[in-house]
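The values are calculated or read from the model by the stated rules, or taken from the named source; none is laboratory data. Computed from a prediction, not measured in an experiment: that's the story for all the values here. Heads up, the Cβs are rebuilt from the backbone with ideal geometry, glycines too, and the neighbour counts pull from every protein chain shown. Heads up: the accessible areas ignore ligands, DNA and RNA and are worked out on the full protein's heavy atoms, side chains in. Shrake-Rupley method; radii C 1.70, N 1.55, O 1.52, S 1.80 Å.
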Amino acid sequence: MRFLKRNRLPKITAIKLYSIGEPENRELLLSRILSALQETFGALPEEFDISGPYGIRKGSSVGYRVFQNKLKKIGHEKYYALSAENNGQFGFNLLLGAHIAALSYTELVLWYASESYLVDFLQFVEPILGPLNAASGFDIEIADGHSINTEARIKKSIFGSISIRVGHEHLAWLSSIHEGAIRGLFRNNIVNNEQLLVLATRGIKPTKTLSNGLHYICCPG
């Protein structure tokens, strides 16, 4: 993405939401994501990418109108990832049907420049939880010079090229999510019933009960 090429990277907050398997209605999910971005940041992303047979060269992006036209023409069934951003200020990354161990999962990352926006976490994500069929989520501050997705350090060569180590250590907890595993407790958290039962043994109670067997826990630092 374009902001990775800058000398000074903005401070980024990433909201990471997970579902087991894939959402039933991709078109509805995308519509909710774009609506949430519009309502939260007052604009839509400007650069879009589709991973799959949609005619977008690797490393390139298209505008909103071309993005929508490609989806209308080819449909929503053939992509395995979508991403979009607005000048390094906010955006999303959606990965569908990925695997860790024997588990298939979907990851949605909604991110924004922390110094530019004050975001109401629950107001932002709650309309998306249903279409995503979310099972868990949280927000996390991405360290300067690290990848939003993998959280690994971004390395720049003397020739200006960029490399990011691809690892899955930060996702290891997902394989035990049905037993109530969590990655940790963050400032804002979405947990399912199994996770809440485990947290209750530590005296942690939900801040708000949501629909679809989900709960919100706020842990202000």
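Hey, any idea what % of the stretch 79-155's accessible area is carbon plus sulfur with a 1.4 Å probe? Mind showing how you got there, number by number?
Details: 1390 of 2810 Å².
Here it works out to 50 percent.
In a shell of Cβ-Cβ distance under 10 Å around Ala84, excluding Ala84 itself, what net charge do Lys and Arg (+1) and Asp and Glu (-1) give? Walk me through the numbers on the way to the answer.
Details: positive: none; negative: Glu46, Glu47, Asp49, Glu85.
Net of charged neighbours comes to -4.
Less than 23 Å apart at the alpha-carbon level, and either on another chain or at least 8 residues along: which lysines does that give for Lys58?
Within the straight-line limit of under 23 Å, Lys58 reaches these lysines: Lys5, Lys70, Lys72, Lys73, Lys78, Lys155, Lys156.
Determine the dipole magnitude for the chain: charges of +1 sit on the beta-carbon of Lys and Arg, -1 on that of Asp and Glu, nothing else is charged, the reference point is the Cα centre, and the result goes in debye to the nearest 20.
The dipole magnitude comes to about 700 debye.
Report the one residue of Gly184, Ser114, Ser19 whose Cα lies farthest in the direction of the positive end of the charge dipole of the chain (charges on C-beta: Lys and Arg +1, Asp and Glu -1; origin at the Cα centre).
Most positive-ward Cα: Ser114.
Only helical DSSP H runs with n ≥ 4 go in: add -39500 (n - 2.57) per run for the chain, normalise by residue count and round the 222 nm mean residue ellipticity to 500 deg cm²/dmol.
Details: 4 runs with 47 residues, N = 221.
Per the formula, -6500 deg cm²/dmol.
Answer with a single label: of (1) 23.0, 92; (2) 17.3, 52; (3) 21.6, 81, which was calculated as Rg and Dmax of the Cα atoms in Å from the structure in view?
Working out Rg and Dmax of the Cα atoms in Å from the coordinates points to (2).
Tell me the label-point distance for the pair Thr209, Lys78, using the 7 Å Cα-to-Cβ offset, in nm and rounded to one decimal.
4.6 nm
Given points 7 Å out from each Cα along the Cα-Cβ axis, report the Thr150 to Ser176 separation in nanometres with one decimal.
If labels sit at Thr150 and Ser176, their model points lie 2.5 nm apart.
Please get the size of the charge dipole for the stretch 55-153, origin at its Cα centre, with Cβ charges of +1 on Lys and Arg and -1 on Asp and Glu, quoted in debye to the nearest 20.
The dipole magnitude comes to about 880 debye.
Report, ordered by chain and residue number, the aspartates and glutamates lying within cross-link reach of Lys208, taken as a straight Cα distance under 17 Å and ignoring same-chain residues fewer than 8 apart.
Asp120, Glu126, Asp139, Glu194
Tell me which of Gly137, His76, Gln89 sits at the most positive position along the dipole axis of the chain, charges placed on C-beta atoms (Lys, Arg +1; Asp, Glu -1).
Of Gly137, His76, Gln89, it is Gln89.
Using the Cβ atoms and a cut-off under 14 Å, what net charge is assigned to the surroundings of Gln195, where Lys and Arg are +1 and Asp and Glu are -1? It would help to have the intermediate numbers written out before the result.
On the way: positive: Arg183, Arg202, Lys205; negative: Glu179, Glu194.
Spelling it out: positives minus negatives among the neighbours equals +1.
Please give, to one decimal in nm, the separation of the simple spin-label points placed at Arg187 and Glu27, each 7 Å out from Cα toward the Cβ.
3.7 nm
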